[in-house]
Amino acid sequence: MIDEKKLAKIVGATNVSHNPATLEEYAGDMSFVKPIKPDYVVKPRNAKDIDKLVNLAKETLTPLVPVSSGAPHFRGDTIPGIGGAVIVDLSDMKRIIRVDRMNRVAMVEPGVTFEELIPAVEKEGLRLNMPLLPRKSKSVIGSMLEREPVVMPKYHWDISDPLACVEVIFGTGEMFRTGAAAGPGTIEEQWAVGASQKEAAGPAQVSWHRLIQGAQGTMGIVTWASLRCELLPSIEEPFLVGSSQLDKLLELVHWLTRLQLVNECFILNNINLAAIMAKKFPDDYQDIKDSLPPWTLFFNIAGYEYLPEKRISYQIKDTTDIAQRTGLEPVGAVSRVSALELLKAVQRPSKEPYWKLRYQGGCHDIFFITINDKLPGLISAMYDMADEAGYPASDMGIYLQPIVQGVNCHCEFNLFYDPENPSQSERVRKLATSTINNLMAKGAFFSRPYGESTDIIINRDAASVAALKKVKSILDPNHVMNPGKLCF
Amino acid sequence: MALDKDIYRAFEDVVGPDNISDDPAILDSYSYRWGPQTETFGQRFAAITLPKDTAEVQAIVRLCNKYGIQFKASSTGWGSMSNPGGPEVIKMDLRRMDRIIEINEKNMYAVVEPYVISVQLQAELMKRGLNCNIIGAGGNCSAHPYAAHYGGGHMGESTSLRERNILAVEWVTPEGEIVKLGSLGSLGEWFCGDGPGPSLRGITVGHAAPCGGIGVFTKAATKIYHWAGPPIFPIEGVSPQYAPSEIPPNFFYRYYSFPSAKEMVEAQRRIGESEIAFEVMGFNIAMLASNMGTSNDEDYAYFEQFRKLIQGPGFQVILMGNSPQDFEYKKQVLEQIIRETKGESLKPVEDPKIAGALIWRSIRITASIRECFRAGGAFSAALGGTHPYGEEVAYMEAVSKLKKDLIKKGILRDDDGYYLTWPHEHGHLGHAEILIQFRQTPESIDAIMGFSEAAMKMAIDNRYGVPHSLSGMAPDMHDMFGPHASNYNVWQRRLKQAFDPNEVSDSSGYIKGKQQQGVS
Ligand SMILES: Cc1cc2nc3c(=O)[nH]c(=O)nc-3n(C[C@H](O)[C@H](O)[C@H](O)COP(=O)(O)OP(=O)(O)OC[C@H]3O[C@@H](n4cnc5c(N)ncnc54)[C@H](O)[C@@H]3O)c2cc1C
C-alpha cells in the first residue's frame, strides 16, 4: 500500500482520505461493475499536485483512478479495476481559466461542471454545445473526454467536438499539451500574441487529443482543457414534431441537419420525454407519457447578431416546407409538452434529482453509434430482446441524437429500474450484456464500451487492440493509469 | 540505387511484371521537383510499383520489412512530399486503386481509394446534391483524406478540412498489419472512425498529414456536405477560353478589398459567425488574376488593373442559397458586414460572366497550378496554423515583411507582399499562408531557404504556434521545434518507433525513428 504521508505531502493532509465511508463511496457506482475499494482518495489542488501524484504512482506502481465529476456515477469507469488504487478526485479543481469571445473558446479545470460554466460563457455572449441534460455534478471535461453526444449536431463537425486542447500528465509522469496549446511558449505567452488554444489537432502529424478521449483515464490525467463555444442566439423558436412513424422523423432530421437549419435537434420516445418533463411521479409522468405519440422530434431555430428575425422567419418557412414534404407538421406543443419548456430544460443541466433517476431510482443505459437506416431494425431488435428478458417495453426510454452533422446517430436505450428490487436489477444487468452481440450484428457500433460488455465489444478487432496497446505502452508503460479498463 | 535482382523479383511476384519498373526514364518521371531546388529532377526511387489492392500493398510492406527497404506511397503524387527520402526507397504508386467504393447519400459520407481524384468524386456527388472538401492543391489531386499536406481548401468554411472529415479508415501499418479504424474494425461499416475506446485516428494524422511516414492508407471514408448548385456546371468554350455560361441560381460572387488587414480579418470573422458563406477564400489579387488570365500577359494585365482598384488586402466570397429566401438573407447580411468593415467590391469581377467563371473555378479548384507556378515556374510558402484570427495574422504580418524584402531585391514576383487568411467551419478554424513565387536560380534558392528558416525561427521566438509548414518538409525540423512545444518530437518519435520499428515507411516527410546527430 502506498504511504499516506507521501500522498499528504503532495496534496496536503486534509486532501487525503482513507476513511472507510469515503472509500466506500468510490468503491462502486450505479452500474453493474463489481465494487472494489480504493486504498485512498486524494483531491489534488492543481496541476503540480497531479504531476507529483502521477510520478509517485509511477515509482510505486500504484494504480491511479482519475475522477472529475461528482457522484452518482453510472458506467463503472471510475471504479478501481484492481485493488490498491488511489482515486484522484479532481472535482475541487474548479477554475474557469479563460473565456475568449473572439475565438469562441473557453478553458477550464476538470472540476468545473456545466452548471458552473454556463453562466460564465453566457456573460461573454457564448454558449456550450452540451450533452442532453447532464446531471448537476457532471464535469465538462469528463463529458468531453468521454465523447458524449451533444444536442446541437450542426456544431458537431467532428466526433471529438467540442474538445479543443488539453494539458495532460501522461502515465509516464511527463506533462504534454495537445493541439495548438503545445507551444512554443507558455499559455500566457501564447495569449499575448493572440493565440487561443482552439485547434485540437497536432502538434504536427499526430492528434493526441483523440488518444486521450475515450480512454477512460487510462493514458493520463487531464489538468485543464479548452473547448469550442457557440454564439448565444438573440432569438430562438423551438418546435416539436410528434409521430408514430420513426422513419418519417428520421427523414426530416436528415434534411434539417444536412441543410444545417437547426441548432438543438434530437428525438425522444414518449417514455423519455415524459421522464424529462414530468414534475410529479408517477401520476404526472404517466399522464404525459400516455398523451404523447411514440416519438417526438425536437428542434430549435435561432437568429444571431445579423437580421435575426428575418433569419428565423425564412428558416421556419424552409423547415415547414421540408416537414410538409415528409408529411409532418412542426408545432409549438405536443399534448402537454411545450417546445419552449423543453428548450429551457435542455439548455441547462438536469434539475435534481437527475432525470434518469426520477422515475424508478435507477437507470442503465445501452448506447452506441449507428446510421439512420439501421435504427428501425436496432430498435425493434431491442424491443424483442427486452421482451424475451421480461423487461417491460413500457419502461424503456429511447434517445436518438444525430451527431457529426447528421452523419451518425447516437442511439441510447435507457432501462429504468428500481435498484432496490433485486429481480429487476438482475433482469436489467442480464439485458445489458446479452443484447450487445445481437445489436452489433444489426449495425450498432459501441464506440464507448464500459463495464461488463467491454470485452465483447473491444475484442472484436484484434488489430485495433494491438495498436491501442502500443499507444498505451508509450503513454503509460507502467500501467498505473486506471488499470483494468478497456483492453488495458 | 538499383534493387538487387532477387529483391526486385520478389516485388515483381507481388504486383506482376507490368506493374513494376526500374527503367531510368520512369524513375525520373517520379523525381520531378517544383520547390526551392535548382535541379529539376531529384533523388530517384529504387523502383516503382503499382499495387492493385490492399493485399498487394500489405505484401510490399512486408517485403520492405524483410529486406530493409523503405517505401513511399502516394496517391496522385502531386506533392513534393511523395518524393523519396533516399536512394533505397521504392515507390508505391496507388493509381490502380481508383474506385469510389461508396457514396452514402443519406448518411453523408463517401468511401474512396487513393487514386480517386477530387473533381471526379465531386462530380459524382454534385449529381446527388452533395459536395466534398477539396484541398487547395487542386481538383486534380486525390480525394483521399490522407493525400494532403494540411488538408484545407477553398471551401473550408462549409466543408471543414481533411483531418476533421475522416471517418473509418483502412490502414496498412509500417509493419504490414491491416488496422481498420472505428466501425470498420468492429462491424465492417464505414460510418465512424473513432473507437472502441481511444481513437486511433489520432496516430494516423495531426494538423498535417503524415506524408508517407506511417504506412499506407488504402481506403478511407470522408464526410460530405450539401450542395445546392447544379448537377453539372454548364460550360461553354474551349480550353483555355472556357467557363460556365451563367451564374447558377442562388449563387453570388464578390471580391472585397479592405483598408487594412484589421478590417479584412474582422469581416471574415463576422461572415463566419453569421454562417452565411459557402466559401471565403483569402486570395490576394495576384492569385485572383491567375485564376482569370489564360496567359501570362492576361494574368499580369489583370493584376495591374486590380492593383489600382483595391484599397488593401482582400478575399473572395461565394454565397450559396439553399432556397431563394436563404439566399436573400445571406446577401443582405453580407452587404451589411461589408459596409460595417469598410470593404469595397472589386467592380470588374462583378460582371456575371467573370463571376460565374470564378465561382466554377473556385469550387472545382482548377487554378492552383496557375496561382502557384505561372509567374516563375516555382513556388514556396510559409504556412501558419489553423487559427483564423489573432496570432495567425500577427505571424503573417511579420513574415510578409520578410517577403517584401525579397520582392525589393527582385528575387520574388511582386504581388505587393500580401498573405492569405481564410476561415474553416464558419470561422471556428482557419488557415494563414504566405505564398512566394520565383524562378529557380541558385541565388533565389539561397534567399528562399533563408526566408523559410527565418519564418520558422520567428514562429518559435514570437510564440506563433507550430506552423503547418513544418510537417512534410525536413524531418529534423521537428527536433528544432519540439523542445519549444511540449517536446512533441519526442512523443511523435516514440509512436514512429513503436509502429515502424524497422523504419521502412520513408520518414522524409515525417519524423525519423532515430534522432539525427547534432539536432537538439
Ligand atoms: C500548387 C499546390 C498547392 C497546394 N495547396 C495545398 C492546399 O491548399 N492544402 C493542402 O493540404 N496541401 C496543398 N498542397 C500540398 C500538397 O502537395 C498536397 O496537399 C498533396 O500533395 C496533394 O496531392 P496528392 O493528392 O497528389 O498527394 P500525394 O502527393 O500523392 O501525397 C501527399 C503525401 O501523402 C502521402 N500519401 C499519399 N497518399 C497516401 C496513402 N494512400 N497512404 C499513405 N500515404 C500517402 C505521400 O507519401 C505524400 O507524402 C499544395 C501543393 C501544390 C503543388
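Filtering the stretch B:225-237 for residues that are away from chain A (no Cβ under 12 Å), over 24 Å from B:V116 (Cα atoms) and over 24 Å from the mean Cα position of the chain (by Cα) leaves a non-empty set. Answer yes if at least one residue in the stretch A:402-421 is surrounded by fewer than 23 Cβ atoms within 10 Å (Cβ to Cβ) and at the interface with chain B (Cβ under 9 Å from one of its Cβ atoms), and no otherwise. Yes, there is a match, as at least one residue in the stretch A:402-421 is surrounded by fewer than 23 Cβ atoms within 10 Å (Cβ to Cβ) and at the interface with chain B (Cβ under 9 Å from one of its Cβ atoms).
Quick one: in the stretch B:148-167, of everything that is part of a loop (DSSP other than H, G, I, E, B) and of a type in the set (A, V, I, L, M, F, W, C), which residue is nearest to the ligand (Cβ to nearest atom)?
Here is the first cut: in the stretch B:148-167, the ones part of a loop (DSSP other than H, G, I, E, B) are B:148-155, B:160-161.
Filter once more, keeping what is of a type in the set (A, V, I, L, M, F, W, C): B:148, B:155, B:161.
Working: B:A148: 4, B:M155: 11, B:L161: 8 Å.
The extreme case among them is B:A148.
Taken over the stretch A:281-330, the criterion of being assigned to a loop (DSSP other than H, G, I, E, B), in contact (Cβ under 8 Å) with a residue 24 or more places away in the chain and not charged (D, E, K, R) is satisfied by A:F281, A:P282, A:L292, A:P293, A:P294, A:Y304, A:T326, A:G327, A:L328, A:P330. Here is the figure for the stretch B:452-474: residues that are within 16 Å of the ligand (Cβ to nearest atom) and under 16 Å from B:Y150 (Cα atoms) total 9. Of the residues B:W171, B:W190, which is more than 10 Å from the ligand (Cβ to nearest atom) and more than 8 Å from chain A (Cβ to nearest Cβ)? Answer to the check: B:W190.
Output the number of residues of the stretch B:63-83 satisfying the condition of being in a helix (DSSP H, G or I) and in contact with a Lys or Arg (Cβ under 7 Å, 6 or more places away or on another chain). Qualifying residue count for the region: 2. In the stretch B:421-434, the qualifying residues are those that are crowded, with 23+ Cβ neighbours inside 10 Å and more than 14 Å from every other protein chain (Cβ to nearest Cβ), and the one that is nearest to the ligand (Cβ to nearest atom) is B:W422.
Under the condition of being in contact (Cβ under 8 Å) with a residue 60 or more places away in the chain, within 21 Å of the chain's Cα centre (by Cα) and not in a helix (DSSP H, G or I), the residues counted in the stretch A:413-460 number 8. When you check B:D93 against the structure, is it acidic (D, E), crowded, with 21+ Cβ neighbours inside 10 Å and modelled with pLDDT of 95 or more, yes or no? Here the answer is yes, as B:D93 does meet what is asked.
Listed by first and then second residue, the pairs with beta-carbon distance under 6 Å, at least 6 apart or on different chains, first residue in the stretch B:80-107 and over 27 Å from B:A381 (Cα atoms), second more than 10 Å from the ligand (Cβ to nearest atom) and among the small types (G, A, S), are B:E88/B:A46; B:I90/B:A46; B:I90/B:A47; B:I103/B:A110.
Kindly indicate which of B:A381, B:A375, B:A367 is touching a Leu at 6+ places or on another chain (Cβ under 7 Å) and within 16 Å of the ligand (Cβ to nearest atom). First the steps, then the outcome.
Numbers: B:A375 fails: touching a Leu at 6+ places or on another chain (Cβ under 7 Å); B:A367 fails: touching a Leu at 6+ places or on another chain (Cβ under 7 Å).
It is B:A381.
For the stretch B:55-62, the condition holds for no residue, the condition being that it is surrounded by fewer than 21 Cβ atoms within 10 Å (Cβ to Cβ), outside the structural domain of B:S380 (by TED's automatic domain parsing), more than 14 Å from the ligand (Cβ to nearest atom) and outside any helix (DSSP H, G or I).
Looking at B:G152, B:G182 in this structure, which one is at pLDDT below 95, buried (at least 24 other Cβ atoms within 10 Å of the Cβ) and in contact with a Leu (Cβ under 9 Å, 6 or more places away or on another chain)?
So the residue among B:G152, B:G182 that is at pLDDT below 95, buried (at least 24 other Cβ atoms within 10 Å of the Cβ) and in contact with a Leu (Cβ under 9 Å, 6 or more places away or on another chain) is B:G152.
Residues to consider are B:D351, B:D405, B:D414; find the one that is outside the structural domain of B:S260 (by TED's automatic domain parsing), closer than 20 Å to B:T294 by Cα and away from the ligand (no atom under 16 Å from the Cβ). Only one candidate passes the filter, namely B:D414. Counted as qualifying within the stretch B:430-520 are the helices (runs of 4 or more DSSP H) with 3 or more residues that are over 24 Å from B:V399 (Cα atoms), namely B:488-499.
Listed by position, the strands (runs of 3 or more DSSP E) enclosed by the stretch A:160-277 that each have at least 2 residues that are facing chain B (nearest Cβ under 8 Å) and touching a strand residue (DSSP E or B) at 6+ places or on another chain (Cβ under 8 Å) are A:175-177. Out of all the residues in the stretch B:317-340, is one or more crowded, with 20+ Cβ neighbours inside 10 Å, under 21 Å from the mean Cα position of the chain (by Cα), closer than 30 Å to A:V105 by Cα and not charged (D, E, K, R)? Checked the stretch B:317-340: at least one residue is crowded, with 20+ Cβ neighbours inside 10 Å, under 21 Å from the mean Cα position of the chain (by Cα), closer than 30 Å to A:V105 by Cα and not charged (D, E, K, R).
I need the full set of residues from the stretch B:128-147 which are more than 13 Å from every other protein chain (Cβ to nearest Cβ), near the ligand (Cβ under 7 Å from one of its atoms), crowded, with 24+ Cβ neighbours inside 10 Å and not β-branched (V, I, T), in order please. Once the filter is applied, which keeps residues that are more than 13 Å from every other protein chain (Cβ to nearest Cβ), near the ligand (Cβ under 7 Å from one of its atoms), crowded, with 24+ Cβ neighbours inside 10 Å and not β-branched (V, I, T), the stretch B:128-147 yields B:G136, B:S142, B:H144, B:A147.
Evaluated against (1) surrounded by fewer than 22 Cβ atoms within 10 Å (Cβ to Cβ); (2) over 24 Å from the mean Cα position of the chain (by Cα), B:G293 falls short on exactly one condition, (2).
On the basis of being more than 13 Å from the ligand (Cβ to nearest atom) and in a loop (DSSP other than H, G, I, E, B), does B:G86 make the cut? Before you say what the answer is, go through the steps one by one.
Values: more than 13 Å from the ligand (Cβ to nearest atom): yes; in a loop (DSSP other than H, G, I, E, B): yes.
Taking the combined requirement at face value, the residue satisfies it.
For the stretch B:255-278, which residues satisfy the criterion of being more than 14 Å from chain A (Cβ to nearest Cβ), crowded, with 23+ Cβ neighbours inside 10 Å and either within 24 Å of the chain's Cα centre (by Cα) or in a helix (DSSP H, G or I) (or both)?
Just the residues of the stretch B:255-278 that are more than 14 Å from chain A (Cβ to nearest Cβ), to begin with: B:255-260, B:263-264.
Filter once more, so that each one left must be crowded, with 23+ Cβ neighbours inside 10 Å: B:255-256, B:258, B:264.
B:Y255, B:M264 - these are the residues of the stretch B:255-278 that are more than 14 Å from chain A (Cβ to nearest Cβ), crowded, with 23+ Cβ neighbours inside 10 Å and either within 24 Å of the chain's Cα centre (by Cα) or in a helix (DSSP H, G or I) (or both).
For A:P349, the conditions (1) part of a helix (DSSP H, G or I); (2) touching a residue at least 60 places away in the same chain (Cβ under 8 Å); (3) surrounded by 15 or more Cβ atoms within 10 Å (Cβ to Cβ) are fulfilled apart from (1).
Checking each residue in the stretch B:91-116 for being in a loop (DSSP other than H, G, I, E, B), charged (D, E, K, R) and either closer than 20 Å to B:S74 by Cα or within 14 Å of the ligand (Cβ to nearest atom) (or both) picks out B:R95, B:R96, B:D98, B:R99, B:E113.
The values are calculated or read from the model by the stated rules, or taken from the named source; none is laboratory data. Computed from a predicted structure; not experimentally measured. Heads up, the Cβs are rebuilt from the backbone with ideal geometry, glycines too, and the neighbour counts pull from every protein chain shown.
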